[in-house]
1. The conditions are (1) assigned to a helix (DSSP H, G or I); (2) buried (at least 17 other Cβ atoms within 10 Å of the Cβ), and F66 fails exactly one of them. Which is it?
2. Can you tell me which of (1) in contact (Cβ under 8 Å) with a residue 24 or more places away in the chain; (2) closer than 19 Å to S46 by Cβ; (3) not basic (K, R) is the one W123 doesn't meet?
3. From the list A97, A76, A81, which residue is within 28 Å of P31 (Cα to Cα), surrounded by 16 or more Cβ atoms within 10 Å (Cβ to Cβ) and under 10 Å from the mean Cα position of the chain (by Cα)?
4. Among the numbered criteria (1) more than 20 Å from S122 (Cβ to Cβ); (2) free of Cβ contacts under 8 Å to residues at least 40 places away in the same chain, which single criterion is violated by D60?
Amino acid sequence: MRRAGIVLLLSVLCAGVAWGEGATVAPERVPELKIALDVTLTTAISVEALKRTFKDPRPDGSDYGFPSGDAAVAFALARVASEYHPEQRTLWYLIAARVAWSRVKREAHDWEDVIGGAVLGSWTAESGVRNGGIVFKQWEW
């Protein structure tokens with residue numbers, strides 16, 4: 001399992017454990033967290049499906065590179081955070097751009113990989129934000 005997949009899995013498990021242990025979330029934050037989790041899951045699944053479809057190798061020849069999962073999730077979460085915290089929109093997108101740039105700098109991806117990831121993440125998040133979710137839309141929290 002790739003690093004991004006492991007991070008996603010651990011994040012979901014930690015959130016579940018915290019929720020089960022009685023961790024409280026301010027009611028007004030629940031929609032934001034629901035959309036963030038929904039968009040992250042949808043983006044990660046989409047990235048993996050596209051990697052297996054295109055089978056574009058990374059610059060170092062290992063595994064598949066297109067689209068960049070890190071860039072996709074970073075831009076997806078930047079879009080969600082911008083919806084709920086518009087005064088910090090520039091910060092969210094600067095962080096996402098830094099994540100994307102770091103993937104190219106480390107030679108883990110080419111520019112087209114991170115641009116593709118950024119577009120995918122932004123599009124997925126836009127859909128999730130506008131529709132109240134993608135996967136978890138029907139669930140009451």
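1. Unmet condition: (1).
2. The one condition W123 does not meet is (1).
3. A76
4. The failed condition is (2).
Each reported figure results from applying straightforward, stated rules to the coordinates on display, with no laboratory input. Owing to the predicted nature of the structure, the values given are computational and were not obtained by experimental measurement. Quick reminder, even Gly has a Cβ in these numbers, built from the backbone with ideal geometry, and neighbours come from all protein chains shown.
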